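The values are calculated or read from the model by the stated rules, or taken from the named source; none is laboratory data. Here the structure is a predicted model, which is why all the values come from computation and not from measurement. Counting neighbours? That spans all protein chains shown, and the Cβs are built from the backbone with ideal geometry, glycine included. For accessibility, only protein heavy atoms count, side chains too; no ligands or nucleic acids. Shrake-Rupley method; radii C 1.70, N 1.55, O 1.52, S 1.80 Å.
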Amino acid sequence: MENANYDAFEKFLLSNDLVGPGALERAKRGMHDAGSCLGVTLNRLGMLSEVDLVGAATSVLNIDAVERAEFPSKKIQLDEIQDSFLVASKALPINVTENQIRVAVVDPFNPFVKRALEYICEKNVEYVTSAPSDIDITLEEFYGDQEAVETDSADEYEVSGDDVDRLKDLASEAPVIRYVNRLLHDAVTRSASDIHIEPMEDGVKIRLRLDGMLEAVASPLDQHKSAITSRIKIMAGLDIAERRLPQDGRVRFAVQGRDIDFRVSTTPTAFGESVVLRILDRHQVKLDLENLGFPKKVQLGFKNALTHTNGIVLVTGPTGSGKTTTLYAALDILNKTSSKILTIEDPIEYMMNGVNQVQVNSRIGLDFASALRSFLRQDPDIMMVGEIRDSETAQVAIQAALTGHLILSTLHTNCAADALARLLDMGMEDFLLATTLRVVLAQRLVRTLCVNCRKQETLETSQHPTFTASGCDECMQTGYSGRTIIVEMLPISPSIRRLLREAASADDIEALAISEGMQTMESQGEQLVNAGITSHEEVYRVVGSAGVYEI
């Protein structure tokens, strides 16, 4: 250990306000107990991000930092160096020439690995640094599977479905823990929204939902599937002995120095339990209407509806269309000291300071309708109901709006006008709807074209040049990177209220709204296509309006 370099590292952290003196002392005490270096200890305690850790190391030591994309695609074998030494030392060889070895290390301040490699390999060794999590994952990819094969036989994993104690033991073994940790880390770093673990007759399928589309990733050995499922259930506080009924839980896992929540759902299938983990990364969600992609006109109209002290604001769309994020953005606008806000959600996806959030619990009879009734005794100003699923919830929401409360909620319908017809079908009185509704938003999420590889083309039927998806390394050959919103806003104007009182059809309501200036999702999608943001195929896939997007 080179004391001078470590001292310089500590001074750099303090002088640049990356950590405080108290935090530094706590980490120095904790590093000895944890058996890790100072930088990694600070990162694991959430005191220092991986970006700041790498930046500090490169500044103090004047060495290069490398990204994970620059790592080799397969392990580099060093003569006479055992794999176990590299794993234990957290050292990843990334390039070897006749005279030099470049090694990415988690602790570049420790010269031991450098000296050992120089002595054994008789070559100069150059340290570089990278995010510790990237080095750990790559070491696991290169050497972890081999270790698992060497230490675990298939017979050890062939466990009776009733052998709960053995499942617990297997779920606690290093290869299983490493695989699950790597899976969670990779899903977060790739900005996935969900992880799907699906048992099949001939193995287990692992898929990530990226930009709304499922993509297969490397799967573990078939004999590991029960242990992996058990590991996730243990992390989520679920009963691993119960495999006949669906279960729901939650996991908090640190990735790159920040805590990420995972919502866990299990359900029994013919070949085992299917597990889905919804990734709830609060750091990736920007609760701002402009950042979410809302057009200026919709932003103004939606914000105007939120200024009312009473009434109902609805957001509609299918599962995965971003409805909950829009409601959280609305709550962020409304969240002021002068207002009391209560929510009933299933589940609570993001915790918001200053908002009283309640989780649905059907086992004790706490559903949307019963919670909403109890909220009325809590002197609220604003209430959010996760979803209007039945006539009872709709009735209570209307009563709350009539008594001077602002209600935010969601509904599963294809377009804004359909939401009005759905509420009427639930038995709501037309005159009450006309009185309480303020605005209805319908939305979808479309993938945006990768700006690095999109291809321009000019269609004979269009005056605008359009772009199509191509595919490159930047977008994992999909042609798309990220998503944006397409939305239609139906304000409840006096003329719309009159149609509601007459129990008009959804088509009539939509036609009137368009004549009053409503932009449909199809027309907004066309604008995004003309702007080169997305493609005809993507808008058609999401909105499904064949007449508008024929190519």
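Tabulated results
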| quantity | calculated |
| --- | --- |
| Charge-dipole axis of the chain as Lys and Arg at +1 and Asp and Glu at -1 on Cβ define it, positive-most pick from Ala416, Val128, Phe375 | Phe375 |
| Structure-based [θ]222 nm, the chain - -39500 (n - 2.57) summed over DSSP H runs of at least 4, per residue, nearest 500 | -11000 deg cm²/dmol |
| Cys475 - accessible surface, heavy atoms, 1.4 Å probe, Å² rounded to 10 | 10 Å² |
| Carbon and sulfur %, accessible surface of the chain computed with the full protein complex present, 1.4 Å | 46 percent |
| Förster radius 25 Å - calculated FRET efficiency between Asn335 and Asn304, Cβ distance, rounded to 0.05 | 0.90 |
| 28 Å Cα-Cα reach of Lys11 towards lysines, excluding residues that sit fewer than 8 places from it in its own chain | Lys28, Lys90, Lys114 |
| Accessible surface ranking that places the most exposed of His536, His464 first, with a 1.4 angstrom probe | His464, His536 |
| For Gly482, residues with placed amide H under 5 Å, excluding near neighbours | Thr448 |
| Charge tally in the Cβ shell below 11 Å around Val128, where Lys, Arg are +1 and Asp, Glu are -1, Val128 excluded | -3 |
| Set of lysines with alpha-carbon distance to Lys233 below 26 Å, sequence-local pairs under 8 removed | Lys168, Lys205, Lys225 |
| Restricting segment 228-321 to GluC sites (Glu not before Pro) in coil, as DSSP defines it, with at most 16 other Cβ within 10 Å | Glu242, Glu290 |
| Label zone at Leu14 (point 7 Å along Cα-to-Cβ), backbone N below 17 Å, segment 43-73 | 60 |
| Around Lys340: net Lys/Arg minus Asp/Glu count, Cβ-Cβ under 9 Å | -2 |
| All Cα pairs of segment 251-328, percent lying beyond 15 Å | 71 percent |
| Debye, to nearest 20: dipole size of the chain, +1 on Lys, Arg Cβ, -1 on Asp, Glu Cβ | 1900 debye |
| Qualifying trypsin sites (Lys or Arg not before Pro) in segment 246-337, DSSP loop, other Cβ atoms within 10 Å at most 13 | Lys286, Lys336 |
| Within segment 468-485, backbone nitrogen closer than 18 Å to the virtual label 7 Å beyond the Cα of Ser73 toward Cβ | 471-478 |
| Across Lys303/Lys340; Lys286/Lys340; Lys323/Lys455; Lys286/Lys336; Lys297/Lys323, pairs whose alpha-carbon gap is larger than 25 Å | Lys323/Lys455 |
| For segment 10-72, size of Cβ-based charge dipole, Lys and Arg +1, Asp and Glu -1, in debye | 280 debye |
| Test item: Cα-centred dipole of segment 295-364, Lys/Arg +1 and Asp/Glu -1 on Cβ, debye | 280 debye |
| Between 0 and 90°, nearest 10: helix 21-34 axis offset from the chain longest Cα axis | 60 degrees |
| Solvent accessible area, Å² - Asp425, 1.4 Å probe, full protein context | 130 Å² |
| Amide H within-cut-off set for Ile260, under 5 Å, with H built and near neighbours excluded | Phe253, Ala254, Val255 |
| Most to least accessible of Asp202, Asp381 (protein chains only, probe 1.4 Å) | Asp202, Asp381 |
| Order of exposure, largest accessible area first, which applies to Tyr119, Tyr127 with probe 1.4 Å | Tyr119, Tyr127 |
| Summed side-chain charge close to Val275 - residues other than Val275 whose Cβ falls under 9 Å, Lys, Arg +1, Asp, Glu -1 | -1 |
| Rg/Rg_globular for segment 413-551, with Rg_globular taken as 2.2 N^0.38 Å and Rg from C-alpha atoms | 1.27 |
| Among Thr307, Gly365, Ile333 the positive-end extreme of the charge dipole of segment 233-379 (Cβ point charges) | Thr307 |
| Within the chain, percent of DSSP bridges classed antiparallel, to nearest 5 | 65 percent |
| Solitary cysteines of the chain, where the nearest other Cys Cβ is not under 4.7 Å | Cys37, Cys121, Cys415 |
| Placed amide H near Lys205: partners under 5 Å, 5+ positions off or other chain | Glu198, Met200 |
| Farthest toward positive dipole pole in the chain [+1 Lys/Arg, -1 Asp/Glu at C-beta], among Thr436, Leu24, Asn353 | Thr436 |
| For the chain, alpha-carbon Rg relative to the globular expectation (2.2 N^0.38 Å, N residues) | 1.14 |
| Principal-axis tilt of helix 323-334 within the chain, Cα atoms, nearest 10 degrees | 80 degrees |
| For Arg29, solvent-accessible area (1.4 Å; no DNA, RNA or ligand), Å² | 140 Å² |
| Accessible area in square angstrom per residue, the chain, 1.4 angstrom probe | 48 Å² |
